[in-house]
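One structure below.
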Amino acid sequence: MTTTREGARPAPEVLAAFEAATGFMPLDEGLALYAAAAEAAGRTGLPLLEIGTYCGRSAILLADAARSAGTVALTVDHHRGSEEQQPGWEYHDPGLVDPEVGRMDTLPLFRRTLHRAGLEDHVIALVGRSPQIAAVWGGKLALVFIDGGHTDEHATGDYEGWAPHLAEDGLLVVHDVFPDPADGGQAPYRVYLRALAEGFEEVSVTGSLRVLRRSAAA
């Protein structure tokens, strides 16, 4: 294991768009994600994929890395909010509730976020449930970023659905990995441990962000 190494960085205007966007990823983890995405896309030319888009904060970074490599970023989200974003929970934002249907809908803000950043043309938004989309997806991916639901059911489903689509030497990035239960939910941590047990090799650690490389054994 190594700490995050110096790598590619987004342009100042991209970084400003990231910091202005609605979302939860801190700057140091965003820079680590960007470096991983730029390396993976630049080396393989394959698409980048994230599960759990919310309002597009991390998608800005993936889209810019994809643009630089001549590929695209794919975002997977049903845009109805994860468990902790529902009414009565800690991360609920009433401004993101569609008043007509009475449910969360982050898709409009996500689209506005990409438009403001000038990155709409470099993102393909896949709107639906992660396991359903993974089941019909047929291509290889340079990077899979797991940042969706934090229950064991959802985190495990994201891993099982998308990790097989990673190209050999592709990167698996897992967010919100908290070894100490006092810091947060354990489902992403369990996915991270499973990936290591199944042959992925750890590349870097930045806060709660883990970057792993798929080896031939994975």
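The values are calculated or read from the model by the stated rules, or taken from the named source; none is laboratory data. These numbers come from a predicted model, not from an experiment. As a convention, Cβ positions derive from the backbone with ideal geometry for all residues, glycine included, and neighbour counts pool all protein chains shown. When the accessible area is computed, the model is the full protein with side chains, heavy atoms only, and any ligands, DNA or RNA have been set aside. Shrake-Rupley method; radii C 1.70, N 1.55, O 1.52, S 1.80 Å.
Relative contact order for the chain: 22 percent, from Cα pairs under 8 Å spaced at least 6 residues apart, divided by residue count.
Average 1/r across all pairs of distinct alpha carbons in segment 172-213, invert it, and you get the Kirkwood radius: 10.1 Å. Computed over neighbours whose Cβ is under 10 Å from that of Y159, the net charge equals -1, Lys and Arg +1, Asp and Glu -1. Counting heavy atoms of the protein chains alone, R194 has an accessible area of about 80 Å² for a 1.4 Å probe.
If you count only protein heavy atoms with a 1.4 Å probe, what accessible area per residue comes out for the chain, rounded to a whole Å²? Numbers along the way, then the final one.
Details: 9950 Å² over 218 residues.
Dividing the accessible area of the chain by its residue count gives 46 Å².
Taking A66, A167, A11 as the candidate residues, the one with maximal mean-square fluctuation in a Gaussian network model of the chain, Cα springs under 10 Å, is A11.
Modelled spin labels at R190 and E202, positioned 7 Å past Cα toward Cβ, are 2.0 nm from each other. Sorted largest first, the spans of the alpha carbon positions of segment 95-150 along the three principal axes are 38, 27, 20 Å.
As a test of understanding, state the convex hull volume per residue of the chain from its alpha carbons, in Å³. Each step should come with its number before you reach the end.
Working: hull volume 25.4 nm³, N = 218.
Given the Cα convex hull of the chain, per-residue volume reads 117 Å³.
Extension gain, E13-E168: 0.36 nm per intervening residue step, less the Cα-Cα distance, totals 52.5 nm. Between V97 and T22, the modelled labels are 1.3 nm apart [label points 7 Å from Cα along Cα→Cβ]. With a cut-off of 13 Å on the backbone N, the residues of segment 26-43 near the modelled label site 7 Å out from D183 along Cα-Cβ are 29.
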